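Visitor: Supplied in structure tokens, the structure appears directly below.
Each reported figure results from applying straightforward, stated rules to the coordinates on display, with no laboratory input. Only a predicted model underlies this, so the values are computations on that prediction, with no experimental measurement involved. Cβ placement follows ideal geometry from the backbone for every residue including glycine, while neighbour counts extend to all protein chains displayed.
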Amino acid sequence: MKLSRLVQASVLLTLALFTSAVPAVEAQAPSSQRRDTGCGEGGGEYKDATVPAVGQTWTADFGVDTPIGKGPFLTTITFRSATEATIKVVKGPGTLTGLTQQITYSTTRLRPCQYALSWHEPVSGVYVTQVEDYTEQQVFDTIVNGTQFFHMTGKFYAGAPVKRGA
């Protein structure tokens with residue numbers, strides 16, 4: 001056997017011995033920095049879950065001059081069960097004020113205290129996907145009305161609407 005072949009075989013044998021002696025390393029998921037704030041079980045997994053507001057009324061204040069129209073847009077959502085709610089427009093542009101609809105919604109927990117809900121409003125005909133963040137008290141809506149598609153962001157808080165001014 002030539003010396004070059006002997007060296008080559010020795011190098012390969014040495015590498016094989018060293019790599020088999022090294023322990024295997026497995027990838028590990030990073031530790032979660034999130035803390036459970038009391039809105040359901042801990043962890044950040046995605047799964048269907050009941051919103052923590054069942055039996056309560058929450059207000060969504062989208063401010064003024066929304067894509068729906070000029071003026072304030074303020075709604076309440078009363079969660080009657082894990083899948084049924086009543087939505088009422090407390091203040092809205094045009095003839096929307098007072099519009100009340102019974103909806104059936106589905107929900108997915110995105111993280112502790114944050115849920116994505118989706119529903120169809122039978123009277124207005126719109127389709128809504130709403131992210132409710134109970135920790136940050138914010139609401140994010142994506143609405144499809146016929147061929148129109150728009151987004152709104154607002155404040156989200158428990159109870160009746162806050163009166164402005166005196």
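Visitor: How much length, in nm to one decimal, is gained on full extension between Gln56 and Val144, taken as 0.36 nm per residue of separation minus their Cα-Cα distance?
Guide: 29.1 nm
Visitor: Label points 7 Å out from Cα along the Cβ direction at Leu96 and Thr129: separation in nm?
Guide: Going by the 7 Å Cα→Cβ label model, 2.0 nm.
Visitor: Quick one: which residues, 5+ away or cross-chain, put their amide H under 5 Å from the amide H of Gln138? H built at 1.01 Å from N.
Guide: Asp133, Phe156
Visitor: Relative contact order of the stretch 47-157, please, whole-number percent, based on alpha carbon pairs below 8 angstrom and at least 6 residues apart.
Guide: Answer for the stretch 47-157 is 21 percent.
Visitor: State log₁₀ I(q)/I(0) for the stretch 47-157 at q = 0.17, 0.18 Å⁻¹ as given by the Debye formula over alpha-carbon point scatterers of equal weight, solvent excluded.
Guide: Cα-only, vacuum Debye calculation for the stretch 47-157: -0.77, -0.87.
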